[in-house]
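As structure tokens, the structure follows; a few thoughts come after it.
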Amino acid sequence: MGNKEKKVAESRIAKKKLKNVQPAWDKLDNTANLFPVIANEDMTNVYRISVTLSEEVDRVVLQEALNRVLPQFLIFRMRLRMGFFWYYFEENTRPAPIVREEYSSPGAYIDKSRNNHYMFRVTYYKCRINLEVFHALTDGAGGIIFLKELIYQYLRLKHPEIMKTEKDKISSGIFLDKEDSYVKNFKKSHEKVYKSERALCLTGEKLPKGEMGVVHGYFPVDQLKAAAKKYGVTINQYLVGMFVYCIYKEYLKEQPSKLPISCCVPVNLRPYYDSHTMKNFFAMVSANFKPEKEQYSLVEVMDIVSADLKRQITPENLNNILSYNVSNEKNWILRAVPLFIKSLALKFVYGTSARATSATVTNIGNIELKEPYRRYVEHFYTTLSMSKGQNIKGGICSYNGTLVFTFSSVLLDLSIQKRFFQLIAKDGVSVAVESNGVYYE
């Protein structure tokens with residue numbers, strides 16, 4: 001056999017081997033199983049994490065940065081597939097999704113057929129980069145890891161001088177773990193951990209369909225700490241308590257209510273179980289306040305809300321929540337039920353739990369960047385999409401000494417947001433506010 005024939009034969013063998021390579025696949029984690037069932041145009045289950053740079057974004061460079069980073073994050077290279085018993089992930093071998101200038105409201109539905117079958121998208125507007133993620137992929141903690149590496153890669157390409165001190169690769173110490181930490185840490189438990197009491201639903205005149213109002217409030221972290229200390233609470237408890245009080249003040253007009261104000265608060269479980277998974281790993285607790293008399297003071301509401309959160313955010317209770325959730329997945333009878341029947345059951349269970357929640361406030365924590373990149377980054381934000389029965393939500397993150405509280409809402413009325421910022425300013429905290437402009441169109 002000559003060299004030419006040998007090369008042709010080797011090429012055929014290589015193509016045959018490549019053809020026989022099956023894409024990687026994976027199960028959805030315990031929480032993720034719900035999201036494909038309930039997702040639609042009105043309830044997208046898409047969250048946004050944004051970063052504002054000190055200079056305008058170069059789309060071509062951002063696309064190149066995404067092209068380089070994505071191959072290193074298998075969990076973001078997945079497409080959603082429907083099986084007979086469950087949805088599952090299959091590796092997506094298509095090119096990275098196209099980076100586009102921002103064209104929709106935050107958290108808009110991700111049409112996977114128009115997004116190269118990816119479950120996330122990257123957009124930009126002037127100095128801002130947005131990462132939007134379908135929640136089945138990962139939670140805010142996983143999203144932050146991916147966004148930080150995307151920022152690092154973008155800045156290395158945009159400012160080659162950074163390469164004098166930084167290597168052109170994923171940061172050392174990054175865990176790309178894709179274990180299902182729910183199942184790994186499951187312990188048998190039959191205790192019911194969720195309340196099904198119906199909660200107050202905030203209703204009113206809405207913005208035009210497809211639009212969402214976004215209001216960012218900027219606070220110095222040290223001043224917020226001092227304000228929270230006056231009430232004997234943490235910053236998170238302070239902000240959730242203030243939010244609940246403003247609902248009571250502006251929506252209920254300080255009147256008693258047969259239904260409680262129930263504010264859902266996701267808790268990152270990784271620190272409690274020493275987990276580094278890139279998949280979802282959080283539990284839901286609720287801060288509940290039921291006004292049974294007239295004219296509760298801010299101090300009273302803050303005490304009630306903080307006590308409720310302290311009672312629930314303990315290792316024992318979080319473990320009960322985790323075990324209760326996973327026990328349903330492990331039930332062999334439920335596992336044998338076809339997906340179309342499971343979907344009906346999951347929708348019913350979700351509808352029941354949704355009626356028990358008035359709003360959600362999530363805190364993705366303090367975001368830290370390495371020194372060569374820090375000077376190019378001004379702020380981070382997190383914006384939540386709407387859920388069934390929840391027409392207003394809050395997202396919290398902090399960076400470089402500034403905390404940003406972001407309200408997302410489809411309600412035209414802004415009284416809750418205004419009261420929130422006014423009361424925090426009254427507590428001696430400097431406040432700067434901006435919105436996405438839909439309220440003034």
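The values are calculated or read from the model by the stated rules, or taken from the named source; none is laboratory data. The structure presented is a predicted model; accordingly, all values stated were derived computationally and were not measured. For neighbour counting, all protein chains shown are included, and Cβ atoms are generated from backbone atoms with ideal geometry for every residue, glycine included. The protein model used for the area step is the full one, side chains on, heavy atoms only, and it has no ligands, DNA or RNA in it. Shrake-Rupley method; radii C 1.70, N 1.55, O 1.52, S 1.80 Å.
Brief remarks follow.
- Given (1) surrounded by fewer than 16 Cβ atoms within 10 Å (Cβ to Cβ); (2) outside any loop (DSSP other than H, G, I, E, B), number of the condition Val214 does not satisfy: (1)
- Residues being under 17 Å from Leu74 (Cα atoms), surrounded by fewer than 22 Cβ atoms within 10 Å (Cβ to Cβ) and of a type in the set (Val, Ile, Thr) - total across segment 130-167: 2
- Glu166 vs. criteria in contact with a strand residue (DSSP E or B) (Cβ under 7 Å, 6 or more places away or on another chain), at pLDDT below 95 and assigned to a loop (DSSP other than H, G, I, E, B): no
- Flag for Asn280 being within 22 Å of the chain's Cα centre (by Cα), under 28 Å from Arg355 (Cβ atoms), touching a residue at least 12 places away in the same chain (Cβ under 8 Å) and open to solvent by 50 Å² or more (accessible area, probe 1.4 Å): no
- Options Val183, Val233, Val240, Val244; residue that is more than 30 Å from Asp58 (Cα to Cα), surrounded by fewer than 18 Cβ atoms within 10 Å (Cβ to Cβ) and aliphatic (A, V, I, L, M): Val183
- Any chance Asn268 is buried (at least 17 other Cβ atoms within 10 Å of the Cβ), modelled with pLDDT of 95 or more, closer than 26 Å to Cys397 by Cα and within 23 Å of the chain's Cα centre (by Cα): yes
- In segment 77-105, the residues that are of a type in the set (A, V, I, L, M, F, W, C) and either surrounded by fewer than 16 Cβ atoms within 10 Å (Cβ to Cβ) or within 14 Å of Lys27 (Cα to Cα) (or both): Met78, Leu80, Met82, Phe84, Phe85, Trp86, Phe89, Ile98
- Which listed residue, of Val265, Val301, Val285, Val305, is part of a strand (DSSP E or B) and out of contact with any Ser or Thr (no Cβ under 9 Å at 6 or more places or on another chain): Val285
- Taken over segment 386-441, the residue count meeting the criterion of being in contact with an Asp or Glu (Cβ under 8 Å, 6 or more places away or on another chain), surrounded by fewer than 18 Cβ atoms within 10 Å (Cβ to Cβ) and aliphatic (A, V, I, L, M) is 2.
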